[in-house]
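The values are calculated or read from the model by the stated rules, or taken from the named source; none is laboratory data. Model, not experiment: these values are computed from the prediction. As a convention, Cβ positions derive from the backbone with ideal geometry for all residues, glycine included, and neighbour counts pool all protein chains shown. Areas reflect the complete protein model, heavy atoms only, side chains present, ligands, DNA and RNA absent. Shrake-Rupley method; radii C 1.70, N 1.55, O 1.52, S 1.80 Å.
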Amino acid sequence: MKKIALIVVAILLALSPAMAQEKFDYKLIKEIVDNERTYFNDILKLYLADDALLRTDDVALVYYGQTYLPTYKGGNDINEKTLKKYVAENNQLKIYETAKKILSYNPVSLNALFYAWLSSQQLLKPEKETKSYVNKYLKILEMITTMGDGKSSKSPFRVINPDDQEHVMYGILDIENVISRSLDTKTLCNIIRVTPSKKFTSGTMYFDVSRYLVHTSKNK
């Protein structure tokens, strides 16, 4: 996963975790998904079309809103596990096909977006397609680091899949060394001790994984 830092660093230079934080409300997102599905679907269409007018809160609605849909699998997605297998084998065609399969029902999977991006380049797919994966990937990372600064359980980076932590750490914050990981069962935050970087100067990073944990507990 540390390869992410090397691959995306040039593109991510414009993104900064020091951006002004925006208000965040899971309850509001759930209410929109449950009771304003037409609106949610309209925003989803804008996201899928890479609409330039898409706002940070729109991306948040699409990303976190996935956890309130029946298609959300959390960390129990067999296709995500299969994707990792093909990545380990460096089977570019299978990586591409599996990533696209995941994106058909989970369009905010950072793993799928990242590897669809890389494999589409390797397979010489149309540039427009590759740029679409990149655009979505970066928009989600930008949103996560805008909605929180990751320096406390009150303003954590919020992710819907523990794997997304790696993309934030290595893809945007240039973290090179993870010292330890632990879960705070009261706040449902993963607390990750790291060697600070220029982009993240604290030695402790907080990731809210509550949506993933709630879903996992319901499906045991």
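Can you give the FRET efficiency for Leu123 and Tyr39, using 1/(1 + (r/R0)^6), R0 = 45 Å, r = Cβ-Cβ distance, to the nearest 0.05?
Calculated transfer efficiency: 0.80.
Search the structure for amide H atoms under 5 Å from the amide H of Val194, placed 1.01 Å from N in the peptide plane, and list their residues when 5 or more places away or on another chain.
HN-HN under 5 Å from Val194: Ile179, Thr204, Met205.
At a 1.4 Å probe, what is the % contribution of carbon and sulfur to the accessible area of the chain?
53 percent
Do any trypsin sites (Lys or Arg not before Pro) in the stretch 60-99 lie in a loop, going by DSSP, with at most 15 other beta-carbon atoms within 10 Å of their beta carbon, and if so which?
Hits after loop and neighbour filter: nothing returned.
Take the Cα gyration tensor of the stretch 107-200, multiply each eigenvalue by 5, square-root it, and list the three semi-axes largest first, rounded to whole angstrom.
Semi-axes (√(5λ), whole Å): 28, 14, 12.
Provide the per-residue ³J(HN,Hα) series for the stretch 65-82, in order, calculated from phi with Karplus coefficients 6.51, -1.76, 1.60 and θ = phi - 60°, each as a whole number of Hz, with x at glycine and proline positions.
x, 4, 6, 9, 9, x, 7, 5, 10, x, x, 9, 7, 4, 5, 5, 5, 5
Given a 1.4 Å probe, how much area per residue of the stretch 86-179 is accessible, in Å²? Intermediate results must be reported in sequence, preceding the final value.
Numbers: 3700 Å² over 94 residues.
Heavy-atom accessible area per residue stands at 39 Å².
Can you give the local net charge around Thr187? Use residues other than it whose beta-carbon is closer than 10 angstrom to its beta-carbon, Lys and Arg +1, Asp and Glu -1. Each step should come with its number before you reach the end.
On the way: positive: Lys154, Lys186; negative: Asp184, Asp208.
Net local charge, Thr187 excluded: 0.
Mean projection of the alpha-carbon convex hull of the stretch 94-156 over all orientations, in nm²?
Computing the convex hull of the Cα atoms and averaging its projections yields 4.8 nm².
For the stretch 47-140, what class follows from the C-alpha gyration tensor (a ≥ b ≥ c being the square roots of its eigenvalues): rounded when a/c is under 1.5, otherwise prolate if a/b is larger than b/c, else oblate?
oblate
Cα centroids of the stretch 105-133 and the stretch 140-206: how far apart, whole angstrom?
24 Å
At a probe radius of 1.4 Å, what is the per-residue accessible area of Arg37, in Å² to the nearest 10?
So the heavy atoms of Arg37 present about 100 Å² to solvent.
Please give the calculated 222 nm ellipticity per residue for the chain, where each DSSP H segment of at least 4 residues contributes -39500 (n - 2.57) and the sum is spread over every residue; nearest 500 deg cm²/dmol?
Rounded to the nearest 500, the figure is -17000 deg cm²/dmol.
Give, as a single signed number, the net charge of other residues whose beta carbon lies under 13 Å from the beta carbon of Val159, with Lys and Arg counted +1 and Asp and Glu -1. Before the final figure, lay out the partial values.
Numbers: positive: Arg158, Arg211; negative: Asp163, Asp164, Glu166, Asp208.
Neighbour charge sum, excluding Val159 itself: -2.
Using the Kirkwood radius over Cα pairs, work out the Stokes-Einstein diffusion coefficient for the chain at 37 °C and 0.692 mPa s, in µm²/s as a whole number.
For the chosen part, D equals 185 µm²/s.
So for the pair Thr204, Lys81, with labels modelled 7 Å out along Cα→Cβ, what separation do we get in nm?
About 3.4 nm, to one decimal.
I want to verify a result. In a Gaussian network model of the chain, Cα cutoff 10 Å, which of these has the top mean-square fluctuation: Leu138, Leu110, Leu54?
Top of the fluctuation ranking is Leu54.
Say the cut-off is 30 Å between C-alpha atoms; which of Lys125/Lys151; Lys84/Lys139; Lys125/Lys218; Lys85/Lys198; Lys94/Lys199 go over it?
Lys125/Lys151; Lys125/Lys218; Lys85/Lys198; Lys94/Lys199
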